[in-house]
Structure formats: C-alpha cells, structure tokens
Amino acid sequence: MRYISTRDNTIQYSASQAITQGLAKDGGLLTPFYIPKLPGNALEDLKAMAYQQRAVYIMKMFLEEFSVKELTDFANAAYGPDKFDTPAVAPVRTVDGSTHCLELWHGPTSAFKDMALQMLPHLLTASLTKTEEDKTVCILVATSGDTGKGALEGFKDVPRTKILVFYPKDGVSQIQELQMLTQEGGNVGVCAVVGNFDDAQTGVKELFSNEEVRQALAKKGYLFSSANSINWGRVLPQLVYYVSACCDLLRDEKLAPGQTVNVCVPTGNFGNILAAYYVREMGLPIGQLICASNSNNVLTDFIREGVYDRNRPFHNTMSPSMDILISSNLERLLYSLTQDPAEVKGYMAQLAASGRYQVSDRIKDRLQKRFKGYFCDDRETQRVIRSVYDRFGYLIDTHTAVAFSALEQYRQETGDNTPAIVASTASPFKFSGSVLEALGETAPASGLDALDQLTAKTGLPAPAPLAGLRSKTVRFSQVVEKDHMLDAVRSLLE
Ligand SMILES: *Cc1c(COP(=O)(O)O)cnc(C)c1O
C-alpha cells in the first residue's frame, strides 16, 4: 500500500515514511492511495480470532512492509492483559435489543485514545528503523485532556523516544491533571501552560515550525514528531475495533449475515468516525454513519448544509474532548469523496483564509448518502445519562451520552431502527462530577472524592488506574508562560 498527500497525489510514500513524517510537506494529510476491500470470506475467519489477531489482519492490509511476526508482537504488547482490563480489549455491550455499545475505554488511561496510542509507539519506532532514521524522536503534544495522558502512557520508557506534554493550566479536569502529573517513566515530561488550549496548541505548532530550534535539536540527535490524530499511525489502529465489533455481533448472532448495522460516534477531530467510514469502504456491512456533536456543532451544520464554517462562538461543555471547531481529519474524508487533491487544497485554502468553505453539490450529495449529523447541549447530555442509567442500569460518560442522544434523534426523525453500534469513548469515572450531577447528586469539589461518590452511588468500581491515583506521587510542577515553552523542551532534552 502506498500513501499520498490529500493535497497532492503525485508523490507516493511508503507506510513507514507516512508514519515517520506525520504530515506531508505541503500541509496535507498522508492517506492510503486507496482503501482495500476485505476478501469475501474474511469475516468468517476474523469472527473466530482474538482482538490482537484481528488487529494484525487489518493492519497488515495497510502496512505491507511490516511482517506478520512484527505486527503480532506489537499487538500482543499493545493490547495485553497488563494494559487492558478485559481480554476482549474492546468489548461490545448490548444495551437494548438494537443498540450495542462498543466500549473503547478499558485501557490504561480509561479513554478511547489508548486504542491507538498503545499501538503508535510500536509503529513509529519500527518505521524509524525501516526508514533508516537514526535520531531519537521527541514527541510534542498539546492536549485538552485525554490525548496527553494517552500519549504519555503509550510512549513511557519506549527506547529512542522522549515525550513532552503541554496542557492549559486551567483547562483540564482535576482527574486529567493528576493523571498527567503522576506519570511514570524516564523519558517523559509534563508542563502546564498559562493560557487556554489554543495557546498550548499554537505554542507547539510554533516549536514544530521553528527552523532554528529544529536544527539545534538535530545537532543533538533529536527529531520532532507528533502523536496527534493527523498521523496515519493513529487512525489505522482505530479501524480494527469497528471490524472487531461487527465480528462480535455476527459471532453472537446479534447480527445476521448480510444485515447492516449503523455506527454512531461522538466526534471531535473526526478521527474516530473516519475509521468507521474506512471500514465501511472496506466492505463491512455498515449502513449510516451518525456523527454526534455537542454545542460546538460545526460538523452537524457541515453534514446538513455542505458548508463548513468555524466562525462561531466556542463553547466549553461537559464533553470537553469534543470542544473543537477545526476537525483536522475531515480533510481525509474530503479526499476520499472527491478523489481530487486540487479540490481539497482549494477548500483548505479557503478554511485557512476565511474559516469557511462550501463543498460542491456532488460532494455534498456523497457526504449525505453516508453521514447523518446531530448535536445536543449539556442539559440533554445529562438527561440521557440519567435515562440510560434508569432504563438499562448502564452508566455512560458525557461524550458517549452525546452519541446516545444523536442516535435517538436519528431514530425518531427517520423511523429507521436498524441495529446500531455506539462508540463509547470514555469511562464514566473520568467525568465523575458531571455524571453524578446527571444522576441528581451534588458533586464534591475534589475529583478524587467524586470518584468515590460515584462508586457509592452506583456500586460500580472505578477503573484501577483512576482508583489508584490517590496513592501516586506528583512528579511534575513546571508551569510556563506561553512564549517560554521552549524552556520545557530544553530541560527535557538535557
Ligand atoms: C478524543 C475524544 C473524542 C473525539 O474523538 P475524535 O477522534 O477526535 O473525533 C470523543 N470522546 C472522547 C472521550 C475523547 O477522548
């Protein structure tokens, strides 16, 4: 499989080049040249396999230069029992007869980022070797919460890597901050930035594009890289769990051969739902893709009107991982729908210049055949948490609740009750305060107390990595002004 840029498909890259490079030099996203079809009998074989084997099978289709032996080692290390608290890795829980919740939060940080960030370090370090790059990679991450911790856990003590995470001082939850400040590992750094997420993100982008810094680092044997979802090595592992969920439903006879299933995903940067789209392109029996947003509903409007417009107020919601107005991975979808890099480049230039673009009627048509968009606000999010808990005894987090609301709206509007997979992206314990309030409780001021109170209220245990936070030592305390982020890089690399 060769890879191309979404803005220029004349230059081809190998998979390991795409993963090492992260982003194309023209600013486009590196993307498979085409999406391969799953062979006709593959689902039969995959049904009988464990999650790790399914991962090898699917990833191999996109990573020809990697051997089955290599990928098997990666999958066993990434998704082993020391990392995930269930052998199923990504279990499907049937909530009612036609609604199946795909739980993606059984990994070390209790959010779905683990599904990809446990695999990415293996793919990246092997890609360095394959491309004969002998530098040590320095991963820089700006996080609004879940990605930072996921990346720290994935890269901790991985040879030939260092990782530094910047988070906005007052822009993450207490639990998220504590998760990061207690991070273990000899190659990790965590630094708070005075400002909001945009300040941290802008600072990281400036470090990436500062040629002087880049050369100074190269002299010391370092190479900057990114672990955010523009890297193909983060999207690919996400295809696996949608294939796996279809296999589980077929195996357990909750889906008949030939029957289709809809997929509903709480969406921010468009990485997770893009993976579901690619799996549909591979020929899996997926019907509609339902894109769920919170009050930052730029994608809902895009799907309904064909106009992407980020010129709107930004809302801080109780589903913060979806508080985003520029969904980077949408560019990969535009490439897939247009098959025309010049058209994609045009839209992206308009987005950069005016924050807005309108796709052609042909593209809008294709988009609407595959995607439906719905959104809900915080009040509705809490109503849904309560209602799902009261009706089914099933506790969901704020992000997953947005998806449940979208699915409910879709079913009401269309009358289509096709079985659906809902992606559940975080443990409810990660957002204990909002979940407690949804259940009618008063949330305590301390995040750790909120964990205990949620256990007391529901009788459910908190995931071990969250419950264990109380006894962990805080290791990091550096806080920098936004124009001093380079200081943190220097101290990590000394
Ligand atoms: C990152 C995240 C999302 C959004 O996923 P995208 O791939 O960015 O669309 C949703 N929910 C949770 C809990 C997340 O951490």
Residue list for the range 192-233, filter: among the polar types (S, T, N, Q), touching a residue at least 12 places away in the same chain (Cβ under 8 Å) and in a helix (DSSP H, G or I):
201, 202
Only residues that are open to solvent by 10 Å² or more (accessible area, probe 1.4 Å) and modelled with pLDDT of 95 or more: list them for the range 14-31, please.
14
Quick check: anything in the range 282-294 open to solvent by 60 Å² or more (accessible area, probe 1.4 Å), farther than 30 Å from residue 48 by Cβ, assigned to a loop (DSSP other than H, G, I, E, B) and within 16 Å of the ligand (Cβ to nearest atom)?
no
Considering the range 300-314 alone, what residues qualify as being within 15 Å of the ligand (Cβ to nearest atom) and closer than 29 Å to residue 433 by Cα?
300
Out of 395, 351, 367, report the one residue that is of a type in the set (A, V, I, L, M, F, W, C), in contact (Cβ under 8 Å) with a residue 24 or more places away in the chain, closer than 24 Å to residue 106 by Cα and open to solvent by less than 60 Å² (accessible area, probe 1.4 Å).
395
Within the range 91-106, residues being open to solvent by 10 Å² or more (accessible area, probe 1.4 Å), within 24 Å of residue 149 (Cα to Cα) and either assigned to a strand (DSSP E or B) or modelled with pLDDT under 95 (or both) number 1
Report, by residue number, each residue of the range 370-390 that is among the basic types (Lys, Arg) and without any contact (Cβ under 8 Å) to a residue 24 or more places away in the chain.
379
Restricting attention to the range 296-319, does a residue exist that is part of a strand (DSSP E or B), modelled with pLDDT of 95 or more, of a type outside the set (Ser, Thr, Tyr) and buried (at least 24 other Cβ atoms within 10 Å of the Cβ)?
no
Taking the range 107-134, which residues are crowded, with 22+ Cβ neighbours inside 10 Å, touching a Ser or Thr at 6+ places or on another chain (Cβ under 9 Å) and not in a helix (DSSP H, G or I)?
110, 111, 112
Would you tally the residues in the range 94-105 being within 13 Å of the ligand (Cβ to nearest atom) and either over 15 Å from residue 244 (Cβ atoms) or in contact with a helix residue (DSSP H, G or I) (Cβ under 8 Å, 6 or more places away or on another chain) (or both)?
3
Got a sec? Which of 172, 165 is within 16 Å of the ligand (Cβ to nearest atom), on the phi < 0 side of the Ramachandran plot, aliphatic (A, V, I, L, M) and open to solvent by 10 Å² or more (accessible area, probe 1.4 Å)?
172
Residue under question is residue 184, and the condition is that it be surrounded by fewer than 24 Cβ atoms within 10 Å (Cβ to Cβ), over 14 Å from residue 201 (Cβ atoms), within 16 Å of the ligand (Cβ to nearest atom) and not basic (Lys, Arg); does it hold?
no
Select from the range 398-433 the residues that are touching a residue at least 60 places away in the same chain (Cβ under 8 Å), more than 25 Å from residue 448 (Cβ to Cβ) and either open to solvent by 30 Å² or more (accessible area, probe 1.4 Å) or of a type in the set (Lys, Arg) (or both) and list them in ascending order.
416, 417, 418
Just the residues that are within 16 Å of residue 334 (Cβ to Cβ) and more than 16 Å from the ligand (Cβ to nearest atom), please, taken from the range 249-281.
281
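Look at residue 34 and say whether it is under 20 Å from residue 329 (Cβ atoms) and open to solvent by less than 10 Å² (accessible area, probe 1.4 Å).
no
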Is it the case that some residue within the range 234-248 is closer than 25 Å to residue 426 by Cα and either without any contact (Cβ under 8 Å) to a residue 40 or more places away in the chain or not in a helix (DSSP H, G or I) (or both)?
no
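The values are calculated or read from the model by the stated rules, or taken from the named source; none is laboratory data. Since the model is a prediction, treat every value here as computed from it, not as a measurement. Here the Cβ is made from the backbone with ideal geometry for all residues, glycine too, and neighbour counts use every protein chain on show. What goes into the accessible areas is simple: the full protein's heavy atoms, side chains included, and nothing from ligands, DNA or RNA. Shrake-Rupley method; radii C 1.70, N 1.55, O 1.52, S 1.80 Å.
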